[in-house]
Amino acid sequence: MKMAKGAGTDRTGGSASAGTGAASVTGTGAETQMPFSTVHLWRLKGISWVWLGTAVVCIALLAVGAPLNMALYNMALPFALGMSILHSASLGLTAARPVAGALVSLVPLAVLPLVSDPIGGAPMPFSVVAMITQVLVICVAGLRSHWMVPAVAWLGSVIVGVVANYLTMPGGQSTGAQTNVVIFAAVAGGLMMASVVAQQWQHLRVELAAERTVSAEEQSRRRLAEERTRIARELHDVVAHGMSVVVVQATTASYRHSGLSPELKQEFDDIAASSRRAMMEMRSMLGSLRNAEVGRELGPQPTLADLPQLFASARSTGVRIEDPALPDGERYEIGEVIALTTYRIVQEALSNVIRHAPGASVQVEFTVEAGMLAVSVVNSSSAVGAIMAQLDKGPHLGQGLIGMRERADIVGGSVVCTSTADGGFSVTARLPMSTSTANPKNNKENSKGSALP
């Protein structure tokens, strides 16, 4: 169903289109008249119900305040109308610019007692309309800005009322005027507190909604990751075995069946090559399914050869450390995973020294013994270590030590963290030379080892 061009509503502006408001619907050959709706009349660009209500309140206060100033307070027309306009406008200004509106609202309060001559028992030092307007200004400021803005507006209004009682009232102070100031201070202060609490409650609701959104997104990503892992596992179980059988059968066909023609041999070779390519592509796909972030981790991983740069970085923070003798990866056939694990453990140990014992001396030693790589990071006590320990408290403490133990446990090693007799700290890790030779029995302490030269 297609709407005729030019009919309907203007979606960009939200207003009704010019014309009769009828839309002709084509497609069946007949024209259907859409009913007229007044809802679109209120969807004017840049205007909302809040601003419309604020404008109505300002106009109402102006319409009541100006005649009241002339009738009960004997004000001249310029003052009666001007002060009412200024005070009413300050309410609208507060909705847009709370600080400016609150400051402007204090001007009519200070001027009205100077130019008024109340008749009979007219309320002083402020009229009823002026007090209502000022209370609304304070409440709007509390809803729209920091709590200090309505507090300053309330305090300024009370000060103006007190000063008017003693200095600016034409007939001098009176019990009624003092009572009015006290009532105004109590009512305005209570409503100010309510508006500030409402604003803070609204902020908490927004923050809670944002946290819920983030939590929902995290749960969605977690479920997606779990589903990716499940799919990868099923694909591996179902497809990988079958593809491997195809490759083996196609590759060995010419040896298992004698007398094959050259055409058949070439065809089996093509099948084997296509199967190998398919397996390589499947492995790449499975890796992507298991880790959605695999595309981002394209940089080279650190190895034992990058440790001197790590030591230099630690020295730049004030830690005293000398470059130890590093194990020869080719000589001892240290695997890439073991080298990366060793680097991360040393990195975390030095990070703990920098955070908790700045300025301490550190001794790093590597030892190869019985097919195991032993790494020792020992730091001395620090003069400011106790102070740093008191300042750095929280649930995050110990997470780095847990991470080191988990890294070592994954490759079949172990990590021991303990305090030293002189107030320092020691981190000792024992890792297999390669993941293929990892054996829990190798994690036991051996009597002696050969230290690296």
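The values are calculated or read from the model by the stated rules, or taken from the named source; none is laboratory data. What you are looking at is a predicted structure, and each value in this text was computed from that prediction instead of being measured. Here the Cβ positions follow ideal geometry from the backbone for every residue, glycine too, while neighbour counts run over all protein chains shown.
Any residue in the range 178-195 that is at pLDDT 90 or above, under 27 Å from residue 81 (Cα atoms) and among the polar types (S, T, N, Q)?
No, the range 178-195 has no match at all.
Would you check if there is a residue in the range 170-177 being assigned to a helix (DSSP H, G or I), more than 23 Å from residue 137 (Cβ to Cβ) and at pLDDT below 85?
Just the residues of the range 170-177 that are assigned to a helix (DSSP H, G or I), to begin with: 175-177.
With more than 23 Å from residue 137 (Cβ to Cβ) added as a condition, the list becomes 175-176.
Applying the additional criterion that residues be at pLDDT below 85 yields 175-176.
Looking for residues that are assigned to a helix (DSSP H, G or I), more than 23 Å from residue 137 (Cβ to Cβ) and at pLDDT below 85, one finds at least one in the range 170-177, hence yes.
Considering 134, 199, which residue is under 24 Å from residue 67 (Cβ atoms) and surrounded by 13 or more Cβ atoms within 10 Å (Cβ to Cβ)?
Details: 199 fails: under 24 Å from residue 67 (Cβ atoms).
After ruling out the rest, the residue left standing is 134.
What number goes with the only condition from (1) closer than 21 Å to residue 68 by Cα; (2) without any contact (Cβ under 8 Å) to a residue 60 or more places away in the chain; (3) surrounded by 19 or more Cβ atoms within 10 Å (Cβ to Cβ) that residue 127 does not pass?
For residue 127, the exception is condition (2).
For the structure I just gave you, tell me whether residue 370 is out of contact with any Phe, Trp or Tyr (no Cβ under 9 Å at 6 or more places or on another chain), closer than 18 Å to residue 432 by Cα, loosely packed, with under 15 Cβ neighbours inside 10 Å and in contact (Cβ under 8 Å) with a residue 12 or more places away in the chain.
yes
State which residue pairs qualify: first residue farther than 22 Å from residue 144 by Cβ and touching a residue at least 12 places away in the same chain (Cβ under 8 Å) and inside the range 176-195, second residue surrounded by fewer than 20 Cβ atoms within 10 Å (Cβ to Cβ) and of a type in the set (Gly, Ala, Ser) in any location, beta carbons under 8 Å apart, and separation of 6 or more residues or different chains.
Here the result reads 176/121, each pair linking the range 176-195 to a residue that is surrounded by fewer than 20 Cβ atoms within 10 Å (Cβ to Cβ) and of a type in the set (Gly, Ala, Ser).
Can you tell me which residue in the range 344-364 is surrounded by the fewest Cβ atoms within 10 Å (Cβ to Cβ), limited to those that are modelled with pLDDT of 90 or more and either under 13 Å from residue 317 (Cβ atoms) or of a type in the set (Ser, Thr, Tyr) (or both)?
Ranking the candidates gives 361 first.
Please work out which one of (1) modelled with pLDDT of 75 or more; (2) in contact with a Ser or Thr (Cβ under 7 Å, 6 or more places away or on another chain) is the condition residue 309 fails and give its number.
Result: residue 309 fails condition (2) only.
Could you tell me which of the residues 156, 101, 92 is within 13 Å of residue 188 (Cβ to Cβ), under 48 Å from the mean Cα position of the chain (by Cα), at pLDDT 85 or above and not hydroxyl-bearing (Ser, Thr, Tyr)?
Just one listed residue meets the conditions, 156.
Would you confirm, using the coordinates I've provided, whether residue 66 is within 21 Å of residue 184 (Cα to Cα) and of a type in the set (A, V, I, L, M, F, W, C)?
The answer is yes for residue 66.
Here's a check for you: in the range 316-328, which residue that is at pLDDT 80 or above, over 11 Å from residue 361 (Cβ atoms) and loosely packed, with under 14 Cβ neighbours inside 10 Å is farthest from the chain's Cα centre (by Cα)? Lay out the reasoning, then the answer.
Within the range 316-328, the first condition is being at pLDDT 80 or above, and the residues that meet it are 319-327.
From the residues that got through so far, the ones that are over 11 Å from residue 361 (Cβ atoms) too are 323-327.
Adding the requirement that they be loosely packed, with under 14 Cβ neighbours inside 10 Å leaves 323, 325.
On the way: 323: 40, 325: 44 Å.
Step by step, filter the range 316-328, then rank; the result is 325.
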